[in-house]
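Scroll down for the structure; my scribbles are underneath it.
The values are calculated or read from the model by the stated rules, or taken from the named source; none is laboratory data. Since we're looking at a predicted model, the values are computed, not measured. Glycine gets a Cβ as well: all are built from the backbone with ideal geometry, and neighbour counts include every protein chain shown.
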Amino acid sequence: MPEAQAPEQEFAINEEAAVAPEREIAVSEGEPLVEVTDLTVTFGGLTALDHVSFDIRRGEILGLIGPNGAGKTTCFNAMTGVYRASSGDVRLEGQTLLGKKKHQITRAGLARTFQNIRLFGEMSALENVAVGLDARHRTGMIGAMLRLPRHYREEKQIIERGMELLDFVGIADRALHPARDLPYGYQRRLEIARALATDPKLLCLDEPAAGFNPAEKEELMALIRTVRDEGYTVLLIEHDMKLVMGVTDRIVVLEFGKKIADDVPSAIQQDPAVIAAYLGEEADDVDA
Amino acid sequence: MSNHSPLGSVGATQTAIGEELADVTKKHKRTAALRQWWNDRSRLQQWLMLLVVVALAYLLPVINPPLITTEPANDFAISCFNMALYALVALGLNVVVGQAGLLDLGYIGFFAVGAYVAALWTSSDSTFVHIPYLATLPLAMIVTVVFGIALGLPTLRLRGDYLAIVTLGFGEIIRLLATIIPGLKGNTGFQNLGRPPGTNADGEALFTASNGLPWYWLVVTIIIIVAVLLGNLERSRVGRAWIAIREDEDAAEIMGVPTFNFKLAAFGTGAAIGGLAGALMGGQVGFVNNQKFDVPTSILFLAAVVLGGRGNKVGVILGGAIVAYIPLRFTELAAYKYLIFGIVLVLLMIFRPQGLFPAKAHLLTYGSRIRRWVKKEQAPAQPEGGPPPGSAPPAPGGSTAQSTRRARKET
Amino acid sequence: MSGDWITFDLGRLVDSFWSTTLDGLTLGAIYALVALGYTLVYGVLNLINFAHSEVFIAGAFAVVFVLSGLGFGPSAPHMSLGLLILDIALAMIAAMLVSAGTALVVERVAYKPLRDKGAPRLAFLISAIGMSFVIQYLFFVWRGPSAEPNRTMYRPKPIFDVFGVIINSQQLTIIIAAVVMMVCVDQLVRRTKLGRGIRAVAQDPDTATLMGVNKERIIMATFMIGGALAGAAAVFYVMRVPAGVFYMGGFILGIKAFAAAVLGGIGNIRGALLGGLLIGLIGNYGATVLGDSQWTDVVIFVVLVVVLMVRPNGILGSNLGKVRA
């Protein structure tokens, strides 16, 4: 069945355009965009995150690292509303995020990717990005059914900005492919494009380079730097120390749910507590 | 390697999309070839062909093709009406099960509510205010939406598995209430339901229980309207939200989809169409009692959706028609229809979970146009060796699409 | 509309409180046994076995056929207690075998092929519904729409009379036997090697496989244990509801048993017991207060929805994997 008649449109798919954030951000460059204060998460009797505090400043790439089980992903999940924090606070531009629903947090400006890729498999790459873009759209049942002007505006934006984003992460050549058929590296990049599509103030990447070989990791780090240069703030969880050192502006180190360091990469590298934490882990790895 | 750089070049991008189309063709050769052929037709050709199909659909009971006909056992026009009715039901249930991925086993409940709305407001046995039959169609939809929301509000927050049991319970409860509440007249039921106005040349009523033809045409017309509106929903934010929920509800929520609202919307939409179908059924048969609304029929509806291909409008319309058609055509099988469709459900899930007529849903309003745009870009780009990387003007207004299109006109 | 179709009469319940309660517990014990099947399968596979109601009714048919073969008829037989117990035991063994066999067939036909393909959840639910339909209508084609004639095992005799509360032998048999069986299953899952395997698969199928647990065997065993319990329930069902053995009988009871499993917390063995007894009581109380047994299902479902709104994972919540030995 052909699609219902829409006004004839020319698309301005400009694949070289910048994908800078489209929203106003209340804090200025270098000021704290997100403040995590005394964040604590407990599961039953187990304290997974213990009074962790740090800031994420606008325009920086903040690395969140730590040995396995240190609470990195827990911290992430508490910030994005997946887990409920037992105490403490997470503020975005001074507004608390705790108690908000997950979709509200995303629309407030905190977007994330998943460590174990969670794309919408049946949907094409472009449609996946469209779902992200829809976070900022407002067409509802009536508007969509009757195709009111706003619907057309938003659909046009999806094609234009959606293609821009796909091109930005370097996967526009498979825009119409179902996500599940994409190669692994493309899926990882699509996750980033989908998160960027929500027009986040803070982009949270949960081990985006997992499963990549060193060359691919290098490329991805270049992409993350470009994302930052476009004006996004990035929170990066990463296991690979070398990688984090190369790309981040500042690093927060967690161990056993507690923050043990918070400094620039060069200082972190010298920090005895961090070295001990990682040495301990390597010893564990040898045992296992 | 340019594909992997953060800023891939335009030329490489377009060539690769061409390769991608070839890839797809290799995978699903037949369907893709058909779709390719369809996409290659002009707008006008597409509409003309569609018009022929629709005309044939309307004329089906008039042509009454031998072999296909259900006569002498069942009047073919009435059989066609029943097929169309199942198709409409399947279309509605498809929104809930196929698109939003919510397993609703009590869909018959909404169908029943619709039928009772038509009965209560038009039957000579009812003490309610009487309104014209056609007015009961929108009324049935409104009432079923209310029921749908009343059922969905407490249950759609629950785990998906629980929805199946709660909807199953709902289907049963509606049937029980029809039995218990004296105002709904249980097994006695309501007779002489209203019917649409209109008389033929002899001055006899056009819409009667024995004349299936006008009823069939009415339902086909409704199916077309509903399919167009659902198509609009599908290729919009709403349709994308539904599919996203079906694929991964948590991820959808985290990507900013208010999943509860959209699940409720799917539930309400499905309910409204189910109610509409119920009111049509009541009108055609002219009689409504508590006997037709059992859970096995609900499972038949589910079978129609699964058979046709979950998520595919045209597929589920055919699925609905097939489920209704088989017991009418092969009357010796009618007694075994539940058994047959039970086996069909199991076999389909094992061997062909995508149903008989699978199709990938298109979820973007401009989806077909972007596919076409990609194709147009291919053709002229080749002789010129493709636009050199980075040559596209950076300003949003000056699109590569326009510039290449201009280039093609010149050649 | 006439006004007296629904009455709310607590007096009726007060008058017959103890008999209503005891009967509710009897029915609840049967629901609980069937609910265990739902819960065990859910615990291990995280999937609802919609065909479990048919696993149960297959057992009920087996009971009727065996009893007929042994010469039981509509009126209670005259035989020694020992012989009676032997005959009932025979019927129970047959029912447990038939139900366990049916459950195994359901697993192999409706679940295994989909598991091998890694099908989405919805596909499992639909194939199980299809399987349920197939079994139901096989019985319909074979035995017709009407119920099997009554097979009475014994006439219930009052045993206790405590302050006017009369407990009859049937109620006592069913409640005690059902509870004993459930305790056995609980211990089986908590203490035996098989139970450890079941818990391991419930917790993390992949790791369990790596640790040398044969996942396929555990799944089959789980289906068969659930089936055997449904078969046992079938014997009590024939005692309590002798006219209920027909093709739709499984569906009618299954939907309540399923509600029981969900109410107690699906995947939780003790939850199934609690949920079963509660559903039995709620249904009976509701029907008594509202004055019509047709209300039973309505009341059960309204209560179920209300409870789930407050406790989305059922009353006892947790799942099979978290059970500590």
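Some notes on this structure:
- Tally, over region B:122-159, of residues that are within 30 Å of residue B:103 (Cβ to Cβ) and facing chain C (nearest Cβ under 10 Å): 7
- Residues located in region B:335-370, provided they are hydrophobic (A, V, I, L, M, F, W, C), more than 14 Å from chain C (Cβ to nearest Cβ) and free of Cβ contacts under 8 Å to residues at least 60 places away in the same chain: B:356, B:357, B:370
So that you can scan it fast, the table gives a plain yes or no per residue for (1) buried (at least 19 other Cβ atoms within 10 Å of the Cβ); (2) farther than 14 Å from residue A:124 by Cα; (3) of a type in the set (Gly, Ala, Ser); (4) touching a Gly at 6+ places or on another chain (Cβ under 6 Å):
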| position | (1), (2), (3), (4) |
| --- | --- |
| A:162 | yes, no, yes, no |
| A:171 | yes, no, no, no |
| A:176 | yes, no, no, no |
| A:190 | yes, no, no, no |
| A:199 | yes, yes, no, no |
| A:224 | yes, yes, no, no |
| A:227 | yes, yes, no, no |
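- Against the test of being modelled with pLDDT of 95 or more and within 14 Å of chain C (Cβ to nearest Cβ), the options B:116, B:162 yield a single qualifying residue, B:116.
- Number of residues in region B:111-141 that are closer than 11 Å to residue B:279 by Cβ and of a type outside the set (Gly, Ala, Ser): the value is 14.
- Among (1) in the same structural domain as residue B:324 (by TED's automatic domain parsing); (2) of a type in the set (D, E, K, R); (3) farther than 18 Å from residue B:313 by Cα - the single one residue B:43 does not satisfy: (1)
- Against the list (1) assigned to a helix (DSSP H, G or I); (2) of a type in the set (A, V, I, L, M, F, W, C); (3) within 11 Å of another protein chain (Cβ to nearest Cβ); (4) crowded, with 24+ Cβ neighbours inside 10 Å, the condition residue B:89 fails is (3).
- Check on residue C:156, assigned to a loop (DSSP other than H, G, I, E, B) and touching a residue at least 60 places away in the same chain (Cβ under 8 Å): no
- Flag for residue A:165 being aliphatic (A, V, I, L, M) and either under 20 Å from residue B:234 (Cα atoms) or at pLDDT 95 or above (or both): no
- Annotation for region C:289-298: at least one member residue is of a type in the set (D, E, K, R), outside any helix (DSSP H, G or I) and either more than 21 Å from residue C:47 (Cβ to Cβ) or in contact with a helix residue (DSSP H, G or I) (Cβ under 8 Å, 6 or more places away or on another chain) (or both).
- Counting only residues that are more than 22 Å from residue C:139 (Cβ to Cβ), of a type in the set (S, T, N, Q) and either touching a His at 6+ places or on another chain (Cβ under 8 Å) or in a helix (DSSP H, G or I) (or both), region B:286-341 holds 1 of them.
- Counted residues, region C:98-142 - those being more than 7 Å from every other protein chain (Cβ to nearest Cβ) and either surrounded by 18 or more Cβ atoms within 10 Å (Cβ to Cβ) or part of a helix (DSSP H, G or I) (or both): 25
- Filter pass, residue A:105 being at pLDDT 90 or above and either closer than 17 Å to residue B:247 by Cβ or assigned by TED's automatic domain parsing to the domain that holds residue A:190 (or both): no
- Residue match in region B:144-159 (condition: assigned to a helix (DSSP H, G or I), surrounded by fewer than 23 Cβ atoms within 10 Å (Cβ to Cβ) and among the charged types (D, E, K, R)): no
- Checked against (1) over 24 Å from residue C:272 (Cα atoms); (2) touching a residue at least 60 places away in the same chain (Cβ under 8 Å), residue C:96 passes all but condition (1).
- Region C:306-321, residues that are within 12 Å of chain B (Cβ to nearest Cβ), modelled with pLDDT of 80 or more and surrounded by fewer than 21 Cβ atoms within 10 Å (Cβ to Cβ): C:306, C:307, C:309, C:310, C:311, C:313
- Scan of region A:123-154 for residues that are of a type in the set (D, E, K, R) and within 25 Å of the chain's Cα centre (by Cα), ordered by number: A:127, A:134, A:136, A:138, A:154
- Residue check for residue B:258: without any contact (Cβ under 8 Å) to a residue 40 or more places away in the chain, under 23 Å from residue B:219 (Cα atoms), in contact with a helix residue (DSSP H, G or I) (Cβ under 7 Å, 6 or more places away or on another chain) and not hydrophobic (A, V, I, L, M, F, W, C): no
- Scanning region A:176-219 for residues that are of a type in the set (Val, Ile, Thr) and assigned to a helix (DSSP H, G or I) yields one hit, A:192.
- Of the helices (runs of 4 or more DSSP H) contained entirely in region C:196-273, those carrying at least 1 residues that are at pLDDT 90 or above and within 23 Å of residue B:168 (Cβ to Cβ) fall at C:215-240, C:249-264.
- Complete set of residues in region A:183-223 that are of a type in the set (A, V, I, L, M, F, W, C) and within 24 Å of residue A:136 (Cβ to Cβ): A:190, A:192, A:193, A:195, A:196, A:197, A:202, A:203, A:204, A:205, A:223
Every residue, every condition in (1) under 19 Å from residue B:95 (Cβ atoms); (2) free of Cβ contacts under 8 Å to residues at least 40 places away in the same chain; (3) small (Gly, Ala, Ser); (4) in contact with a Leu (Cβ under 9 Å, 6 or more places away or on another chain), yes or no:
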| site | (1), (2), (3), (4) |
| --- | --- |
| B:210 | no, no, yes, no |
| B:217 | no, no, no, no |
| B:231 | yes, no, yes, no |
| B:246 | yes, no, no, yes |
